[in-house]
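To start, the structure itself, in structure tokens.
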């Protein structure tokens, strides 16, 4: 019995010894790993300190020498935002003079692109904008970007939110988007292309302008009606739930007024329909004009929908199109081909406009300032003005 107990005790001892040895080895291994890791960590920190000590020139030094902010220096170094030529030149000269060597890891983190372009418009459900955005989406995708579409909120908070999203570029097609907001976007380092929709809008230092043909197209519409013999032309303005009218410097309205005046015709309440809050109100206004015998032998609708409303109303009071009254629209939307008779209209060079807008943004993202671009509209003559 004692022998068996002794054998069992020996086995138990060996088992405990093995367990102890294994735990001890594990502890030693852990200690060795910890010491090694600590040594490697210390070495890395020492190397980092040595690198830091060698990198005497900082971004702040370059900014001070160039007389700009550190943010501008970052834009130039990362080449991911537009910087005015004169400022870029000063920064580049300071970099060379100071032999500045940027931290590549910091550049990778801070210079990261969102690969997103924002398109801001007044009416995002409009067929014209849908077509433009569809074309832009194709060209932007080929260039490595995605397009986001957003309706203009026209508030400082909206601009702040847009800036915080860090878009790589922004395209604005909004008559109500103030120049002040465009400047804020540009000052935040975001390249901006503006579709010019107001006549007073002048070239801006940090944004590129594009004429899509609104003004010249409106003048072309008036000329077309006059070439067909029209002398009493009525301009049908937009429908607004709040009764708003287009401002005097609106591109389409200005084009209508300037062409009429240049040809010796006055412009006043008798040949402008505006301030209507609904389609029904517009129809009633037109019916009253036709019934009272206010002579109108031509109608220019601000867009195709308005022109078609005018056409239907004229037909309801017994006027024939185009025999008694000729009508032309704008935008070359699908409704212009569906109404009867088919509507003459002005069409945009949509694909060319879309491609050029993306190209202009790409140039600005690469630190270049593109030339402003002007497009013309295409007259599409159909049955309503024959």
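For the range 300-323, a residue qualifies if it is assigned to a helix (DSSP H, G or I) and within 30 Å of residue 129 (Cβ to Cβ), and the qualifying residues are 304, 305, 306, 307, 308, 309, 310, 311, 312, 313, 314, 315. Just one of (1) closer than 30 Å to residue 114 by Cα; (2) not assigned by TED's automatic domain parsing to the domain that holds residue 365 fails for residue 189. It is (2).
Let's see how each residue does on (1) assigned to a helix (DSSP H, G or I); (2) outside the structural domain of residue 326 (by TED's automatic domain parsing); (3) at pLDDT 95 or above:
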| site | (1), (2), (3) |
| --- | --- |
| 355 | yes, yes, yes |
| 362 | yes, yes, no |
| 367 | no, yes, no |
| 370 | no, yes, no |
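Evaluate the range 74-92: report whether one residue or more is assigned to a loop (DSSP other than H, G, I, E, B) and at pLDDT 85 or above. No, the conditions are met nowhere in the range 74-92. Being modelled with pLDDT of 95 or more and surrounded by fewer than 13 Cβ atoms within 10 Å (Cβ to Cβ): is that true of residue 323 here? Answer is yes for this residue.
Here residue 276 passes the criteria (1) touching a helix residue (DSSP H, G or I) at 6+ places or on another chain (Cβ under 9 Å); (2) surrounded by fewer than 22 Cβ atoms within 10 Å (Cβ to Cβ); (3) part of a loop (DSSP other than H, G, I, E, B) except the one numbered (2). Within the range 372-386, the set of residues being modelled with pLDDT of 95 or more, part of a loop (DSSP other than H, G, I, E, B) and either touching a strand residue (DSSP E or B) at 6+ places or on another chain (Cβ under 7 Å) or more than 30 Å from residue 230 (Cβ to Cβ) (or both) comprises 375, 377, 381, 382. For the range 286-299, the candidate set comprises residues that are crowded, with 16+ Cβ neighbours inside 10 Å and outside any strand (DSSP E or B); within that set, the residue that is nearest to the chain's Cα centre (by Cα) is 286.
Identification of strands (runs of 3 or more DSSP E) wholly contained in the range 143-231 with 3 or more residues that are surrounded by fewer than 21 Cβ atoms within 10 Å (Cβ to Cβ) and free of Cβ contacts under 8 Å to residues at least 60 places away in the same chain yields 146-151. The number of residues in the range 232-264 being crowded, with 19+ Cβ neighbours inside 10 Å, farther than 15 Å from residue 297 by Cβ and touching a strand residue (DSSP E or B) at 6+ places or on another chain (Cβ under 6 Å) comes to 1.
The values are calculated or read from the model by the stated rules, or taken from the named source; none is laboratory data. Source: prediction; values computed, not measured. Note: ideal-geometry Cβ built from the backbone for every residue, glycine included; neighbour counts use all protein chains shown.
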